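Report on the following structure.
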Amino acid sequence: MNWSLPRFSPLALAVFRRNLLVWRKLLGPAVVMNFGEPLLYLFGLGYGLGLFIGEMQAMPYLTFLASGIIASSTMNAAAFEATYSVFTRMVPQRTHEAMLASPLEVDDIMAGEMLWCAFKGTLSTAAIFIVALLVGGVQGDWAPLVVPLGLLVGLAFSGVAMCMAAVSPSYDFFSYYFTLGITPMFVLSGVFYPVDSLPSVLQWLMQLLPLVHAVELIRPLVAGLPVEGAWLHLAVLLLYALGGYYLAVVLARRRLLV
Amino acid sequence: MSPVIQARALTKRFGDSEVVRGIDFSIPRGSCFGFLGPNGAGKTTTIRMLLGLSPISGGELRLFDLPMPGAGRAIRARIGVVPQMDNLDPDFSVAENLRIFASYFGLGGAEVERRIGELLDFVELRDRAARKVGSLSGGMLRRLTIARALINDPELVVLDEPTTGLDPQVRHLIWGRLRELQRRGKTLLLTTHYMEEAERLCDRLVIMDQGRILEQGSPAELIARHIEPEVVEIRGDGLDALGRQLADTGCRIEPLGDLLYCYAESARPLLDRLEADGCPHPYLHRRANMEDVFLKLTGRELHE
Ligand SMILES: Nc1ncnc2c1ncn2[C@@H]1O[C@H](COP(=O)(O)OP(=O)(O)OP(=O)(O)O)[C@@H](O)[C@H]1O
Ligand SMILES: [Mg+2]
């Protein structure tokens with residue numbers, strides 16, 4: 001294995017741009033796919049449960065839930081793109097192999113891909129944020145900050161997911177990743193209810209994973225409350241982004257450069 | 001002038017198996033250099049090492065006097081690649097494929113648009129510019145891949161089996177274009193299983209088998225060095241007996257499939273005998289070619 005530190009060049013943006021151009025062609029279906037599910041959660045649970053719950057942690061349940069869904073849909077969009085789509089370009093479609101016949105290196109390709117996956121995450125962030133705003137779920141003056149924050153959240157999830165793409169033998173492999181990794185995080189990271197209602201072992205475990213930190217940054221911004229422990233949350237997300245990128249590059253080198 | 005590629009003791013191992021076993025070669029600027037070899041000889045692996053797509057296990061490699069690996073980016077900026085298997089981008093049209101690929105080199109703008117037009121003319125795909133890649137035939141895909149390999153105006157073009165699976169018209173078109181590229185001063189490196197192609201295009205050839213280079217030289221040199229100038233091929237069943245009868249005509253006789261190959265300095269005595277005996281089998285008298293050299297050096301049995 002080649003563990004040398006990744007060094008990417010500005011050409012990585014060409015990889016990002018390629019994906020952007022393809023995405024622009026398929027805009028309609030992509031939008032429905034990306035935003036349909038989170039909106040269902042937001043409206044279905046927000047209005048349904050909101051009626052019974054009223055307030056949670058000193059904010060309307062709709063606000064509580066919307067801020068959680070902003071974080072989790074960013075995670076889902078980024079992780080989906082970084083597994084299924086990156087794998088498609090890496091293995092069956094051999095797009096990365098074609099790119100490697102240019103000055104691009106694996107380091108650049110993975111950097112461009114990761115930025116792209118995070119960008120798709122950010123689109124989700126922005127879309128859910130706008131919907132939450134329209135239905136009156138947003139109170140904070142600084143709430144629009146969640147959109148740029150979405151890019152960091154997207155990076156944190158795409159790096160790790162790209163590692164899955166780089167080692168996966170087939171698409172089936174990703175259902176393990178989602179069932180064993182992403183979905184438990186979605187359910188246990190304070191999206192639907194506060195994390196401190198969980199048994200302490202689980203609470204502790206969830207602190208090691210990135211989604212809790214994304215939620216704890218986004219929720220107070222949306223609700224207009226002070227953000228606590230911001231630096232810790234940012235640091236965890238950044239660590240996942242950098243560590244994920246590094247490992248993804250190492251694994252992709254092993255797969256592509258044989 | 002220093003060679004475009006210089007390889008010394010170049011080696012590649014996959015686990016325990018050594019698939020390129022310390023080969024040496026050097027490719028002069030402006031030449032058309034061919035790699036011949038049976039399936040699994042190590043041609044594609046060698047090319048992948050040249051491009052920095054496969055870490056080398058041993059030996060030394062320099063392209064344009066730069067070390068590979070090490071100067072991978074700078075080297076690949078000056079190379080065009082036609083891979084063995086097409087990997088065009090299915091999400092884009094013909095012209096978009098060229099435009100996107102140019103962007104990987106940091107190229108764009110009016111200059112690239114002009115080149116795209118030129119290249120589409122060069123490979124006769126101008127009228128398909130807007131078509132999706134998925135709707136192209138094998139021959140068109142190959143031509144587009146060749147155009148793509150030229151988008152960065154490379155000094156060296158590497159083609160891994162550029163004409164495999166193509167019809168004769170497309171093959172002739174590609175041969176013409178490759179000769180044209182050579183006239184423009186580009187260096188070509190190609191692999192092929194078609195001996196006729198190698199003989200027509202290449203100034204210099206290496207013949208590889210099981211990771212080793214068996215021979216190198218120009219096609220004419222290799223033929224002169226290894227094969228008697230005249231060949232008679234006899235076709236039919238039960239040729240073993242005939243082969244034994246003909247042993248005294250001074251020919252070297254090699255069976256292959258349902259053919260008997262007879263090699264001689266002069267085929268006259270053999271032909272006289274066949275005519276006199278009223279040979280019941282069809283036969284063909286021809287000059288020795290690269291295929292004869294290839295079969296002699298790499299053996300007549302299957303390799304895989
Ligand atoms: N990734 C790999 N892992 C293990 N062995 C490999 C790998 N790639 C190639 N080989 C082996 O290396 C040998 C050389 O393969 P290579 O593709 O270079 O041959 P080739 O000369 O290009 O053959 P062909 O004419 O069929 O294209 C083969 O025996 C092949 O099975
Ligand atoms: Mg090959």
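The values are calculated or read from the model by the stated rules, or taken from the named source; none is laboratory data. Owing to the predicted nature of the structure, the values given are computational and were not obtained by experimental measurement. So basically every Cβ, Gly included, is an ideal-geometry build from the backbone, and we count neighbours across all protein chains shown. Surface areas here come from the heavy atoms of the whole protein model, side chains and all, with no ligands, DNA or RNA. Shrake-Rupley method; radii C 1.70, N 1.55, O 1.52, S 1.80 Å.
Values as computed for the structure displayed
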item: Filter pass, residue B:57 being at pLDDT 95 or above, away from ligand 1 (no atom under 16 Å from the Cβ) and among the small types (Gly, Ala, Ser); result: no
item: Filter result (more than 11 Å from ligand 2 (Cβ to nearest atom) and either of a type in the set (Phe, Trp, Tyr) or more than 14 Å from chain A (Cβ to nearest Cβ) (or both)) within the stretch B:29-52; result: B:29, B:30, B:31, B:32, B:33, B:34, B:36
item: Of all residues in the stretch B:271-301 being open to solvent by 80 Å² or more (accessible area, probe 1.4 Å) and among the charged types (D, E, K, R), the one that is farthest from residue B:207 (Cα to Cα); result: B:277
item: Listing of strands (runs of 3 or more DSSP E) fully contained in the stretch B:25-96 that carry 2 or more residues being under 21 Å from residue B:14 (Cα atoms); result: B:58-63
item: Top-ranked residue of the stretch B:82-94 - restricted to ones that are in contact (Cβ under 8 Å) with a residue 24 or more places away in the chain and open to solvent by 20 Å² or more (accessible area, probe 1.4 Å), ranked as farthest from residue A:25 (Cα to Cα); result: B:84
item: Evaluation of residue A:255 against (1) more than 22 Å from residue A:144 (Cβ to Cβ); (2) crowded, with 24+ Cβ neighbours inside 10 Å (one fails), failing number; result: (2)
item: Subset tally (residues that are surrounded by 17 or more Cβ atoms within 10 Å (Cβ to Cβ), within 11 Å of another protein chain (Cβ to nearest Cβ) and more than 17 Å from residue A:76 (Cβ to Cβ)) for the stretch A:9-58; result: 9
item: Selection within the stretch B:259-270 - under 14 Å from residue B:228 (Cβ atoms) and of a type in the set (A, V, I, L, M, F, W, C); result: B:262, B:264, B:267, B:270
item: Hits in the stretch B:87-118 (condition: under 20 Å from residue B:77 (Cα atoms) and hydroxyl-bearing (Ser, Thr, Tyr)); result: B:103, B:104
item: Inter-residue pairs, beta-carbon under 9 Å, first over 15 Å from residue B:161 (Cβ atoms) and in the stretch B:39-53, second open to solvent by 10 Å² or more (accessible area, probe 1.4 Å) and within 6 Å of ligand 1 (Cβ to nearest atom), 6+ apart; result: B:53/A:258
item: Selection from the stretch B:203-254 of residues that are within 16 Å of ligand 1 (Cβ to nearest atom), hydrophobic (A, V, I, L, M, F, W, C) and either touching a Gly at 6+ places or on another chain (Cβ under 8 Å) or on the phi > 0 side of the Ramachandran plot (or both); result: B:205, B:206, B:207, B:208
item: The lone exception for residue B:101 - which of (1) more than 10 Å from every other protein chain (Cβ to nearest Cβ); (2) touching a Lys or Arg at 6+ places or on another chain (Cβ under 7 Å) it fails; result: (1)
